[in-house]
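Pasting a structure here, questions to come.
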Amino acid sequence: MIVRLSRYTLILVAVLVMSVYLPDLYWIFFDVKTNTPYLSYSPVDSVFIMSRRGDDGQIFVDADGNTYDRDEYEAKLPFFYYMQLISDGRMPESIHGVKLDPNEIKRNRNMHRIRPYQLDQPLIPLYPLLESESGRVRLEFPEEFFRIQNKRMEFINSVTKKIDEDLTERFTQALIDNGFEFPAKSVFMNPTTRKAFDEGCFIIDGKDELYHVKKAKGQPVVNKANFPASIPIRSIIVSENVLKEYYGVVVSDDDRLFFLTYDNYKPVELPTMGYYDSHYSTVIITTDLFFRQVSIQNNDRIDVFVTDRDYNLLDEYHESWKTRDDYFQGKVANFLFPFTLTLYDGSTTFVGLFTTWNFPLALIGNLIALIVFMFFLKKEERTFKSAIPELILVTVTGFYGLIACLVYIYVPLWRPERK
Amino acid sequence: MEYAVECRNLTHYYGAKKVYENMSFNIKTGSILGLLGKNGTGKTTTINILNGFLEPKAGECFILGENSQYLSPEIKSRVGFLLEGHIQYDFMNIYQIEKFYAQFYPQWKKEPYYELMSKLQITEKQKISTMSCGQQSQVALGLILAQDPDLMIMDDFSMGLDPGYRRLFVEFLAEYGKAENKTIFVTSHIIQDMERLIDDVVIMGYEGVLHSSSMEYFMNHFRQYDFLLKDGPAFLEKDDVVVNFDRVKNHAEMYSFQNPEEVKKYLKEKGIAFDNFREVHMTLEDAFIGITGKY
Amino acid sequence: MVKSIFYKEWLKIRWAFLAMGILFAGVLIYIYASVGHTFRFNEAPGYWYNIIYRGVKYYSFLQYLPLLAGLVIATVQFVPEIQRKRIKLTFHLPVDEYNVLLAMTGIGYVSLLVIFIVSALCFLAAGYVFFPSNIVHSALGTILPWYLLGLSAYSLASYIILEPMWKRRILYILFAVGFGKLFLNAWFYNIYDRVLLIMIVVTLLLSVSVIYSGHRFKKGVYK
């Protein structure tokens with residue numbers, strides 16, 4: 001019994017290890033290049049223009065198929081390359097009658113990249129609530145970090161390691177006065193001093209209500225956001241920016257995207273048209289003087305939507321490409337490896353055992369492995385009946401199981417029933 | 001129990017290399033059997049099979065009535081085992097190792113052990129690994145004596161021993177075995193001292209067992225004859241009469257289990273003219289070389 | 001009999017055990033001395049920020065220590081056993097062969113656990129002096145996979161050492177290294193939280209792997 005257990009454990013560990021490393025090793029040698037374009041919307045002639053890696057280096061092309069050289073490309077995107085254009089003396093005075101002021105261009109220009117694993121990562125629930133009206137030019141970290149306990153918002157002083165009862169009491173009371181229900185479910189903030197100003201944090205309370213909490217001159221400022229219950233919040237990427245149009249991006253549980261606006265926290269939905277999956281897609285949201293752009297990147301495709309400043313959809317772009325599985329190398333891999341195990345899958349920062357099953361091609365590979373294993377059993381003069389667990393293992397795990405069973409060979413028990 | 005050890009039809013291969021085929025031998029309870037053979041003839045293989053460290057391709061051994069592949073703790077406690085080279089837990093000193101083994105054997109007798117140890121020139125805390133080969137052999141032997149087993153299996157006990165220690169070992173074993181009616185199985189590739197020790201002998205060659213009988217029978221019946229070949233060089237093939245034949249120019253050495261008259265008759269039948277025919281007295285070592293050949 | 005085996009194993013382990021104990025103590029003292037130093041010479045809020053948001057691990061020195069301890073204990077225990085095939089003596093003891101092996105590894109396991117648990121408790125206690133519980137608990141969750149790796153490494157090293165053939169040993173080592181690497185991703189804290197249970201189960205299962213090699217040795221299977 002224990003001999004079997006030890007052998008099967010070693011076999012399983014070997015299968016596990018092989019299913020992690022062998023596909024990796026394979027792809028080091030045989031990987032195929034996928035070509036993700038980088039898209040922007042040109043305010044000059046209102047067309048998608050992209051840079052992508054061609055066979056002879058970087059190429060620039062628009063959605064209508066016109067190609068450009070680098071200078072032309074930059075000239076099409078003055079909101080992006082205005083520094084270069086000004087330096088070259090190529091910056092237009094105005095576009096479509098709108099006068100171009102570099103400061104305004106800069107103020108309007110924001111980019112938020114949201115990767116799926118950022119939405120699911122370990123966190124020590126201690127938050128620095130910055131002083132938002134310190135009167136100083138630069139933001140500073142406070143000495144106290146807060147945590148939301150069962151019945152209060154608790155401030156711990158990082159220098160003395162003591163709880164600041166005064167601050168705790170004031171903030172807890174302010175929350176309660178605004179109808180806040182302890183304990184909180186989540187806290188969202190942008191804990192950095194490298195920003196122009198501070199908007200504190202957003203907290204979802206025990207009744208799924210959204211609250212905005214700031215510290216101003218040491219005093220709590222608490223606002224209930226009255227955020228619609230129809231939009232269940234998965235995450236808020238808080239991003240203080242000088243445009244002061246929105247506090248950040250809300251990702252909803254049903255994979256929609258919103259700006260959380262300064263207009264009484266009213267959510268404004270960004271166009272995703274069902275292409276966004278917050279667990280797998282990377283989304284890049286950009287704002288500029290004219291447009292709002294949402295670019296959704298997946299493994300096998302990119303979908304881009306552009307709106308005007310009032311969030312009316314202007315244009316969209318869709319492109320898909322072949323993935324590894326569509327290439328010959330991918331088919332060979334699927335044949336050799338019935339499944340692949342990875343510790344990371346991009347949807348989370350946490351380690352997991354993420355399996356990808358490569359059926360149905362793997363079935364052929366598994367069958368071959370099984371036949372080889374049966375020949376081996378014959379050679380070793382073992383009956384199939386004595387090897388049922390191994391046969392099942394090879395059927396399911398194919399070449400991994402075959403290799404494991406050959407490495408950890410069967411050694412007959414030294415103690416059959418004693419007479 | 002008539003036999004302490006019974007081995008039947010042992011066959012073993014290492015890969016394609018045959019070690020032996022259909023080897024059988026028994027050890028009578030209370031007797032001392034020597035398994036003699038040159039290096040590489042399968043002595044250690046046999047020991048491994050006896051101790052259950054190797055499963056033979058075919059055949060089986062019974063140790064004190066139990067299949068050697070499945071020895072129970074009870075039987076193992078009645079078998080003393082000396083590893084080739086007197087290997088012991090040499091990270092211990094002589095007191096630690098005695099204390100260690102004592103708890104495993106209910107009939108443990110520490111007196112003979114300490115008696116033996118008192119004769120060694122060692123310090124109290126000296127680790128076994130720092131002792132000489134001879135001293136280590138005495139430790140290993142002492143532990144077996146303290147265990148007081150019914151059957152002792154000793155793998156090449158003479159290895160690495162000075163002549164003095166070797167003699168000591170042999171004399172002790174011989175006396176002890178007789179006095180306590182122990183069954184002893186020894187292997188060795190040094191034959192000199194075996195004569196005074198063993199009751200029965202099994203001689204192994206590269207092709208398997210060459211001879212198996214009592215020592216008495218072997219020493220009395222196995223003979224060497226020297227003679228001169230009158231008609232110049234001739235060669236005798238091995239057969240029922242000729243166990244081994246060797247020749248330097250005209251001088252012939254022949255080994256046989258037959259008496260002189262039979263051998264002379266045999267030579268005449270073969271038409272071989274000879275002169276100066278004489279029987280040569282042999283020690284066990286001479287006989288061993290005679291039967292196994294010099295190569 | 002277990003007492004006797006314990007005695008023998010302890011004779012082999014004791015110096016390594018002591019050395020590992022001292023090493024763990026030394027590293028813990030070093031870790032908290034440098035934490036104390038950081039608090040004296042840097043801004044505490046910035047230090048907290050780096051720990052919480054940048055994933056700085058003040059205890060990263062601990063990462064390879066349990067692994068080392070596991071390998072060292074397995075080595076001092078099992079290398080003497082295979083030198084000149086001394087394990088034959090052990091198998092010849094009038095005890096069930098599996099039970100002897102399990103007792104031997106059990107003793108190695110327990111001595112590792114003693115070092116690990118005592119060091120983890122000291123780590124926790126000292127942690128509470130410098131940090132709030134949230135940070136200390138996160139640290140504990142982060143070092144747990146390293147400790148599990150120490151136990152796994154002990155089991156794997158034992159069975160690899162006991163394996164009679166080099167050609168197989170090399171394959172085993174390949175698998176073991178691949179397996180060990182799975183435990184050592186440490187770019188952020190607490191990333192193993194969701195697989196801890198699986199890791200514990202696999203580690204426990206591996207604790208009997210020495211039986212496989214012992215069995216091969218006992219059966220004299222050299223292929």
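Place a +1 charge on the Cβ of each Lys and Arg in the protein assembly as shown and a -1 charge on the Cβ of each Asp and Glu, then give the dipole magnitude about the Cα centre in debye, rounded to the nearest 20.
Working: 98 positive and 104 negative charges, 390 e Å.
Dipole size: approximately 1880 debye.
Over the heavy atoms of C:GLU97, what accessible area does a 1.4 Å probe trace out, to the nearest 10 Å²?
My reading of the accessible area for C:GLU97 is about 10 Å².
Hey, if you put +1 on the Cβ of every Lys and Arg and -1 on every Asp and Glu Cβ in chain A, which of A:TYR68, A:TYR262, A:SER6 ends up farthest toward the positive end of that dipole?
Final value for the positive-end residue is A:SER6.
Which of rounded, prolate, oblate describes the protein assembly as shown, given a ≥ b ≥ c as roots of the alpha-carbon gyration tensor eigenvalues and a/c under 1.5 marking rounded, otherwise prolate only if a/b is larger than b/c?
Details: a/c = 3.83, a/b = 2.32, b/c = 1.65.
Prolate, because a/c is 1.5 or more and a/b exceeds b/c.
What does the extension gain come out to for A:TYR26 and A:ASP254, with contour length at 0.36 nm per residue minus their alpha carbon separation? Don't jump to the answer; show the numbers that get you there.
On the way: separation 228, 0.36 × 228 = 82.08 nm, distance 3.66 nm.
Contour length minus the Cα-Cα distance gives 78.4 nm.
Next question, about the same structure. By residue number, which cysteines of the protein assembly as shown lack any other Cys whose Cβ falls under 4.7 Å from their Cβ?
A:CYS201, A:CYS405, B:CYS133, C:CYS122
Still on this model: What share of the DSSP beta bridges in the range B:3-217 is antiparallel, in percent to the nearest 5? Don't skip to the answer; put the middle values down first.
Numbers: 22 of 40 bridges.
Roughly 55 percent of the beta bridges in the range B:3-217 run antiparallel, per DSSP.
Continuing with this model, one more query. Any idea how far apart A:ASP208 and A:ASN264 come out in nm if each label point goes 7 Å out from Cα toward Cβ?
Between A:ASP208 and A:ASN264, the label points sit 2.2 nm apart.
With all protein chains present and a 1.4 Å probe, how do B:GLU124, B:GLU262 order by accessible area, largest first?
Working: B:GLU124 130, B:GLU262 85 Å².
Reading off the accessible areas and sorting them downward yields B:GLU124, B:GLU262.
Compactness ratio of chain C: Cα Rg over 2.2 N^0.38 Å, N = residue count? Write out the running numbers ahead of the final one.
Working: Rg = 19.6 Å, N = 223, 2.2 N^0.38 = 17.2 Å.
Compared with the compact-globule rule of thumb, chain C sits at 1.14.
Okay, next question. Amide H to amide H, which residues 5 or more places from B:HIS211 or on other chains are under 5 Å from it, using H placed in the peptide plane?
Sorted by chain and number, the residues that satisfy this are B:ILE203.
Identify all lysines with a Cα-Cα distance to A:LYS207 below 17 Å; exclude those on the same chain that are fewer than 8 residues away in sequence.
In chain and number order, the partners are A:LYS151, A:LYS185, A:LYS224.
Per residue of chain B, what 222 nm ellipticity follows from adding -39500 (n - 2.57) for every DSSP H run with n ≥ 4, rounded to the nearest 500? Walk me through the numbers on the way to the answer.
On the way: 9 runs with 91 residues, N = 295.
Rounded to the nearest 500, it is -9000 deg cm²/dmol.
Now for a different question. In whole percent, how big is the carbon plus sulfur part of the accessible area of the protein assembly as shown, probe 1.4 Å, protein atoms only?
On the way: 23550 of 42230 Å².
Carbon and sulfur: 56 percent of the exposed surface of the protein assembly as shown.
Still on this model: Short version: ³J(HN,Hα) in whole Hz for each residue of the range A:258-269, in order, from phi by Karplus 6.51 cos²θ - 1.76 cosθ + 1.60 (θ = phi - 60°), x for Gly and Pro, what are they?
So the J values, rounded to whole Hz, are 9, 8, 8, 8, 6, 7, 6, 6, 5, x, 10, 6.
Label the range B:222-292 by shape, choosing from rounded, prolate and oblate, from the square roots a ≥ b ≥ c of the eigenvalues of the Cα gyration tensor; if a/c is under 1.5 it is rounded, and otherwise prolate applies when a/b is larger than b/c, oblate when it is not.
Values: a/c = 1.63, a/b = 1.41, b/c = 1.16.
Taking the square roots of the gyration eigenvalues as a ≥ b ≥ c, the range B:222-292 is prolate.
Please check which bits of the range A:41-62 a label hung off A:ASP308 would reach, taking the label as a point 7 Å along Cα-to-C-beta and the cut-off as backbone N under 20 Å.
Once the point is set 7 Å along Cα→Cβ of A:ASP308, A:41-49 turn out to lie under 20 Å by backbone N, inside the range A:41-62.
Can you give me the accessible area per residue for the range B:222-292, using a 1.4 Å probe, in Å²? The partial results should precede the final answer.
Values: 3980 Å² over 71 residues.
Each residue of the range B:222-292 exposes 56 Å² on average to a 1.4 Å probe.
Taking all protein chains together and a probe of 1.4 Å, list A:LEU393, C:LEU68 from the most accessible to the least accessible.
Working: A:LEU393 35, C:LEU68 70 Å².
The most accessible residue leads, giving C:LEU68, A:LEU393.
P(r) for the range B:3-217: what percent of alpha-carbon pairs falls in each 10 Å bin, starting at zero?
Percent of pairs per bin, in order: 8, 35, 36, 18, 3.
From largest accessible area down, sort B:SER212, A:SER40; use a 1.4 Å probe on the protein chains. Display every interim value, and only then the final one.
On the way: B:SER212 70, A:SER40 15 Å².
So, going from the largest accessible area down, we get B:SER212, A:SER40.
Rounded to the nearest 10 Å², what accessible area does A:SER46 have for a 1.4 Å probe in the complete protein model?
60
Pick out, from A:PRO338, A:ILE156, A:GLN58, the residue whose Cα sits farthest towards the positive end of the charge dipole of chain A, with +1 on the Cβ of Lys and Arg and -1 on the Cβ of Asp and Glu.
A:PRO338
Report the FRET efficiency, 1/(1 + (r/R0)^6), for A:PHE354 and C:VAL177, where r is their Cβ-Cβ distance and R0 is 25 Å, rounded to 0.05.
On the way: r = 22 Å, r/R0 = 0.86.
Plugging the Cβ-Cβ distance into 1/(1 + (r/R0)^6) gives 0.70.
Using all C-alpha to C-alpha distances in the range A:1-91, build P(r) with 10 Å bins and read off the rounded percent in each one.
14, 27, 16, 11, 12, 10, 8, 3, 0
So, one more: Name the lysines eligible as straight-distance cross-link partners of A:LYS331: C-alpha to C-alpha under 26 Å, and not fewer than 8 places from it in the same chain.
A:LYS33, A:LYS322
Most fluctuating residue of A:LEU260, A:LEU175, A:LEU363 in a GNM of chain A with Cα springs under 10 Å: which is it?
A:LEU363
Right, something else. Considering every Cα-Cα pair within chain A, what fraction, in whole percent, is farther apart than 29 Å?
Details: 54190 of 87571 pairs.
Tail of P(r) above 29 Å: 62 percent of Cα pairs.
Still on this structure, I have one more. Can you list the trypsin sites (Lys or Arg not before Pro) in the range A:312-371 that are in a DSSP coil and have 15 or fewer other beta carbons within 10 angstrom?
Answer in residue order: A:LYS322.
Shielding by partners for C:79-86, please: the mean number of other protein chain Cβ atoms within 10 Å of each residue's Cβ. Don't skip to the answer; put the middle values down first.
Numbers: counts 0, 4, 1, 0, 2, 6, 6, 6.
Mean partner shielding for this stretch: 3.
Is any helix in chain A, taking whole DSSP H runs, at least 24 angstrom long along its axis by alpha carbon and on average at least 0.5 on the Kyte-Doolittle scale, and which ones? The partial results should precede the final answer.
On the way: long enough: A:2-30 (41 Å, 1.57); A:361-379 (28 Å, 2.05).
Correct list, ordered by number: A:2-30, A:361-379.
Continuing with this model, one more query. Taking 7 Å along the Cα-to-C-beta vector as the label spot, tell me the B:MET159-A:GLN118 distance in nanometres, rounded to one decimal.
6.9
Measuring from a point 7 Å past the Cα of A:VAL221 along Cα-to-C-beta, which residues in the range A:168-200 have an amide N at less than 16 Å?
A:171, A:174-175, A:190, A:196-200
Students often check this: by mean Cβ neighbours within 10 Å, which of B:152-164, A:111-123 ranks highest, and how do the rest follow? Show your work: numbers first, answer last.
On the way: B:152-164: 19.5, A:111-123: 15.6.
The peptides rank, most packed first, as B:152-164, A:111-123.
If you don't mind, another one. Would you be so kind as to list the residues of the range A:4-32 that have their accessible area lowered by at least 10 Å² in the full protein complex compared with their chain by itself (1.4 Å probe)?
In the range A:4-32, residues shielded by partner chains: A:LEU5, A:SER6, A:ARG7, A:THR9, A:LEU10, A:VAL13, A:ALA14, A:LEU16, A:VAL17, A:MET18, A:VAL20, A:TYR21.
Sketch the reach of a paramagnetic label on A:LYS33 as a point 7 Å from Cα along Cα-to-Cβ, and name the residues of the range A:41-59 whose backbone nitrogen lies under 19 Å away.
Once the point is set 7 Å along Cα→Cβ of A:LYS33, A:50-59 turn out to lie under 19 Å by backbone N, inside the range A:41-59.
If you average the sequence gap of Cα pairs under 8 Å that are 6 or more apart and divide by the length of the range A:223-370, what percent do you get for the contact order? Intermediate results must be reported in sequence, preceding the final value.
Details: 247 pairs, mean separation 16.7, N = 148.
In percent, rounded to a whole number, it is 11.
Out of all DSSP beta bridges with both ends in the protein assembly as shown, state the antiparallel percent to the nearest 5. Don't skip to the answer; put the middle values down first.
On the way: 118 of 137 bridges.
So the antiparallel bridges amount to about 85 percent of the total.
Additional query: When all protein chains stay in place, what accessible area (Å², nearest 10, 1.4 Å probe) is found for B:LYS38?
40
The values are calculated or read from the model by the stated rules, or taken from the named source; none is laboratory data. Being a predicted model, the structure only gives us computed values, none of them experimental. Note: ideal-geometry Cβ built from the backbone for every residue, glycine included; neighbour counts use all protein chains shown. Heads up: the accessible areas ignore ligands, DNA and RNA and are worked out on the full protein's heavy atoms, side chains in. Shrake-Rupley method; radii C 1.70, N 1.55, O 1.52, S 1.80 Å.
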